[in-house]
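These notes concern the structure reproduced below.
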Amino acid sequence: MSIARKHEFHGMHLSSEYISWDSMKQRCHNKNSPSYHRYGAVGITVCDRWRDSFKNFIEDMGKRPKGYTLDRIDGTKGYSIDNCRWADWHTQSINTRLQTRNKTGYKGVYFREDTGKYSVKITHYKKVIYIGNAYEDLEEAISARLMAEAVYWS
């Protein structure tokens with residue numbers, strides 16, 4: 001079946017759901033995708049049921065609510081019905097993986113080699129908010145991050 005015929009079959013090839021599905025597959029299985037290094041290269045995959053079937057994906061996930069995007073509940077696991085939901089930016093900013101360059105073990109808390117101090121940031125509705133970058137010790141930085149979470153994520 002040609003690509004054009006596949007698009008005719010479900011009629012949703014320009015929908016936000018289709019774009020989410022295709023983007024998910026690209027970042028997990030296309031080594032040329034700009035996001036592959038954060039997904040496929042670290043073992044994040046798309047389940048067999050969804051990988052080759054947009055129809056199955058839409059049956060399982062349903063329509064995407066306005067303002068929501070595809071979110072993995074557990075960021076260390078792949079894309080599947082048990083691990084995915086449509087989520088708003090607030091939910092997504094809370095549900096992020098620890099970045100590989102983060103050596104402190106705490107989301108949003110980083111050690112700066114150039115200053116010898118800790119830096120703290122938080123993301124709130126797609127906006128990165130810098131809490132501070134001159135914390136002397138890790139405990140102080142973690143405390144600042146926890147206070148920021150209480151303010152921005154409550």
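Of 72, 112, 27, 101, the residue with the largest accessible area leads and the full order is 101, 112, 27, 72 (1.4 Å probe). Sorted largest first, the principal axis extents computed over the alpha-carbon atoms of the chain equal 62, 32, 23 Å.
What does the charge count around residue 144 come to, taking other residues whose C-beta lies under 15 Å from its C-beta (Lys +1, Arg +1, Asp -1, Glu -1)? Intermediate results must be reported in sequence, preceding the final value.
Numbers: positive: 107, 112, 117, 121, 145; negative: 136, 137, 139, 140, 149.
Spelling it out: positives minus negatives among the neighbours equals 0.
For the stretch 26-81, relative contact order (Cα pairs under 8 Å, six or more residues apart, normalised by length) works out to 31 percent. When the chain is treated as a GNM with alpha-carbon contacts under 10 Å, the residue of 108, 132, 78 showing the greatest mean-square fluctuation is 132. Close amide H partners of residue 129, meaning residues 5 or more places away or on another chain with modelled amide H under 5 Å apart, are 122, 123, 124. Among 141, 41, 87, the residue with the largest mean-square fluctuation in a Gaussian network model of the chain, with springs joining Cα atoms closer than 10 Å, is 41. For the stretch 1-124, the fraction of 1.4 Å probe accessible surface lying on carbon and sulfur atoms is 50 percent. Here the Karplus relation 6.51 cos²θ - 1.76 cosθ + 1.60, evaluated at θ = phi - 60°, turns the backbone of the stretch 112-122 into coupling constants of 9, 4, 5, 10, x, 10, 9, 10, 10, 9, 8 Hz, with x for every Gly and Pro.
May I ask for the net charge around residue 107, where only other residues with Cβ less than 13 Å from the Cβ of residue 107 are counted and Lys, Arg are +1 while Asp, Glu are -1? It would help to have the intermediate numbers written out before the result.
Numbers: positive: 97, 101, 103, 121, 145; negative: 149.
Counting the neighbours of residue 107, the net charge comes to +4.
If exposed means no more than 14 neighbouring beta carbons inside 10 Å and the site is in a DSSP loop, what's the longest run of the chain without any exposed GluC sites (Glu not before Pro)? Could the numbers behind the result be given before it?
On the way: sites that count: 113, 136.
Result for the longest clean stretch: 1-112.
Kindly work out what percent of the DSSP beta bridges joining two residues of the chain are antiparallel, to the nearest 5. The answer is about 95 percent antiparallel. Solvent-accessible surface of the stretch 108-154, averaged per residue with a 1.4 angstrom probe and all protein chains in place: 63 square angstrom.
The values are calculated or read from the model by the stated rules, or taken from the named source; none is laboratory data. Predicted model, so just to flag it, every value in this text is computed and none were measured. Reconstructed Cβ throughout: ideal geometry from the backbone, glycine too, with neighbour counts over all protein chains shown. Calculation scope for accessible area: heavy atoms of the full protein, side chains included, ligands and nucleic acids excluded. Shrake-Rupley method; radii C 1.70, N 1.55, O 1.52, S 1.80 Å.
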